[in-house]
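The structure appears right after this line, and notes come after that.
The values are calculated or read from the model by the stated rules, or taken from the named source; none is laboratory data. This structure is a prediction, so every number in the text was calculated from the model and none was measured. Glycine gets a Cβ as well: all are built from the backbone with ideal geometry, and neighbour counts include every protein chain shown. Note: areas computed on protein heavy atoms with side chains; ligands, DNA, RNA excluded. Shrake-Rupley method; radii C 1.70, N 1.55, O 1.52, S 1.80 Å.
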Amino acid sequence: MLRAVLDEKLETIFDDVVRRNPAEPEFHQAVREVLDSLGPVIAKHPDFARHKIIQRICEPERQVIFRVPWQDDRGEVQINRGFRVEFNSALGPYKGGLRFHPSVNLGIVKFLGFEQIFKNALTGMPIGGGKGGADFDPKGRSDGEIMRFCQSFMTELYRHLGEYTDVPAGDIGVGTREIGYLFGQYKRITNRYESGVLTGKGTDWGGSLVRTEATGYGAVFFVAEMLKARGVGLEGRRCVVSGSGNVAIYAIEKLQQLGAIVVACSDSDGVVHDPLGIDLDLLKQIKEVDRARLSVYVERRPGAQHRPGGNIWSVPCEVAVPSATQNELSGRDAETLVANGCLAVVEGANMPCTAEAVRAFHTAGVAFGPGKAANAGGVATSALEMQQNASRDSWTFEHTEHRLAAIMESIHRTCLETAEELGMPGNYVIGANVAGFEKVARAMVALGLV
Ligand code: NDP
Ligand code: 2IT
């Protein structure tokens, strides 16, 4: 892999991170991406070096790994591994989602937790960074199995949580249903109706309106701002959104509301290409109600095609919204998008674009919105849910969406202005990394050596 040259001090710190955290390539990738941006920061703030802020930020405050035993519907005992990495609490309680997917391991949870620190700082809300999950595969599991797994997971995790300590939410494989089972078990064990301990709750039992939509909507608000900064709009633009889960569905919804045409989405089996525009009601029915595979879509939608194992980035588009998983868009995919006339790429997922892809976008002058800025609408609305819980209030959809839109606009402005100040106009990666890092670093210095 071709890499940017790092400042010597940063190179030493990075080498140390790799040595101390072997066999965690996604974590190394996420750290490298931030350190690549920090040259000007260490030159400007010698006190950060004196306090060893970068080394401290790269070391989680606490990491919990635990056994999750449960029984499947056939009575067979199953064992999974649970994780919670409490990365940084300088700005508030640890905050970040739980991922249930067979690929989950410590390195993946650490990359997600590390990015979460800076993302949460960018929201301007009082939340630290953390992430968790399990190598549990929810695919094909009954409702009863999901419930028993969640109950066992929480039976260990509850002791580490609290509305002022650590507040999980959803991520891949964890939505309102799972948060319900987790919250029910937390309530039972602690004998406390502590609404603020989890976000992404159902609206009947302490959840916030707009939290379901927030990540996808927020990413689209962000790309709309990026295009506006270049004097163009979303109206009539052809878009491609990878994935077909929570983030993808609500990115598609907002893109359509703003007049764009989404022609493709995907899951891990393949790609749906629908040149007339994705039928969102049908997509929601398949994914949210039936919990079926995306391939079913073409059985009910004439004119649409399903390409098993296809590459979604070969579908020509002007706006691309990778919203499935890490490293799903390679350098070669980026070149294809550029060749097809793509104007903007916004990361709905966490780290979906490889370093090579990001470089290709920057070289070609494509507007690129990194996940830690562009998908921050989800966690920001989680913080709005915590606010509502703390005041035992619930806000309207319109008010909450308005707050979300204002937060995304503010994150966009912060990234743009920070990049401009650093002499890298339009580089949202540098803007997001530096603005997020500086806020956490200042708080860490103020709080002393803890
Ligand atoms: P969901 O579980 O709702 O959906 C995930 C989607 O991505 C599914 O279509 C899934 O396909 C696909 N996918 C997942 N893993 C893989 C893989 N290894 N290879 C190919 N496709 C895959 O998750 P979300 O929509 O919540 O999350 C999507 C991304 O957005 C993740 O990167 C997550 O970290 C990030 N994110 C989520 C937020 C949230 O609020 N939910 C907030 C910010 C970021 P299949 O069904 O075939 O597995
Ligand atoms: O990656 C993310 O920001 C999330 N999965 C949402 C975290 C949250 O606490 O809402």
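Spin-label point model (7 Å from Cα, Cβ direction): what's the Val289 to Glu8 distance in nm?
6.5
With each run of n ≥ 4 DSSP H residues scored as -39500 (n - 2.57), what mean residue ellipticity at 222 nm is computed for the chain after dividing by its residue count and rounding to the nearest 500 deg cm²/dmol?
Helices in the chain give a 222 nm mean residue ellipticity of -14000 deg cm²/dmol.
Report the charge-dipole magnitude of the chain in Debye, nearest 20, computed about the Cα centre from +1 at each Lys and Arg Cβ and -1 at each Asp and Glu Cβ.
About 660 debye.
About its Cα centre, how strong a charge dipole does region 304-414 have in debye, to the nearest 20, once Lys and Arg get +1 and Asp and Glu get -1 at the Cβ?
140
Mind telling me which of Gly309, Gly200, Gly184 comes out most flexible in a GNM of the chain, alpha-carbon contacts under 10 Å?
Gly309
Springs between alpha-carbon pairs under 10 angstrom, Gaussian network model over the chain: which of Ser244, Ser268, Ser103 fluctuates most?
Ranking Ser244, Ser268, Ser103 by mean-square fluctuation puts Ser103 first.
Residue-wise, which Karplus ³J(HN,Hα) couplings in Hz belong to region 168-179, taking 6.51 cos²θ - 1.76 cosθ + 1.60, θ = phi - 60°, and x for glycine or proline?
Per-residue couplings from phi come out as x, 8, x, 6, 3, x, 10, x, 4, 4, 5, 4 Hz.
Using +1 at the Cβ of each Lys and Arg and -1 at the Cβ of each Asp and Glu in the chain, identify which of Ile411, Ala304, Gly233 lies farthest towards the dipole's positive end.
It is Ile411, whose Cα lies furthest towards the positive end.
May I ask you to derive the relative contact order of region 119-230, considering only C-alpha pairs under 8 Å and at least 6 residues apart, and to give it as an integer percent?
21
Report the FRET efficiency, 1/(1 + (r/R0)^6), for Glu299 and Ser142, where r is their Cβ-Cβ distance and R0 is 30 Å, rounded to 0.05.
0.80
Taking the chain as a Gaussian network, where each spring joins two C-alpha atoms under 10 Å apart, which residue of Val64, Val241, Val109 fluctuates the most?
Val64
Given that compact globular proteins tend to follow 2.2 N^0.38 Å, what is the ratio of the alpha-carbon Rg of region 166-236 to that value?
1.51
For Val167, what residues show an amide H to amide H distance below 5 Å, using hydrogens built from the backbone and excluding near sequence neighbours?
Those qualifying (amide H under 5 Å, at least 5 residues apart or on another chain) are Tyr94, Lys95, Gly96.
Between beta-carbons, use under 15 Å as the cut-off and find the net charge around Ala405, counting Lys and Arg +1, Asp and Glu -1.
-1
For a label point 7 angstrom out from the Cα of Asp393 toward its Cβ, which stretches of region 112-129 have the backbone nitrogen within less than 20 Å?
124-127
If amide H atoms are built 1.01 Å from N in the plane of the peptide, which residues on other chains or at least 5 residues away come under 5 Å of the amide H of Glu61?
Close amide H contacts, sequence-distant or interchain: Phe87, Asn88.
Over region 203-346, calculate the relative contact order: mean separation of alpha carbon pairs under 8 Å at least 6 apart, over the residue count, as a percent. It would help to have the intermediate numbers written out before the result.
On the way: 253 pairs, mean separation 35.7, N = 144.
Relative contact order comes out at 25 percent.
Could you report region 168-281's accessible area per residue, 1.4 Å probe, as an integer in Å²?
On a per-residue basis, region 168-281 sits at 36 Å².
Return a whole-number percent for the relative contact order of region 43-95, with Cα pairs under 8 Å and 6 or more residues apart as the contact set.
33
What ³J(HN,Hα) values, in whole Hz, does the Karplus curve 6.51 cos²θ - 1.76 cosθ + 1.60 give for region 205-218 when θ = phi - 60°, with x put for Gly and Pro?
10, x, x, 9, 4, 6, 4, 4, 7, 4, 5, x, 4, x
What is the packing order of peptides 119-132, 203-216, taking the mean over residues of other C-beta atoms within 10 Å and listing the highest first? List each step's numbers first, then the result.
Values: 119-132: 25.9, 203-216: 22.4.
Per-residue Cβ counts within 10 Å, averaged per peptide and sorted highest first, yield 119-132, 203-216.
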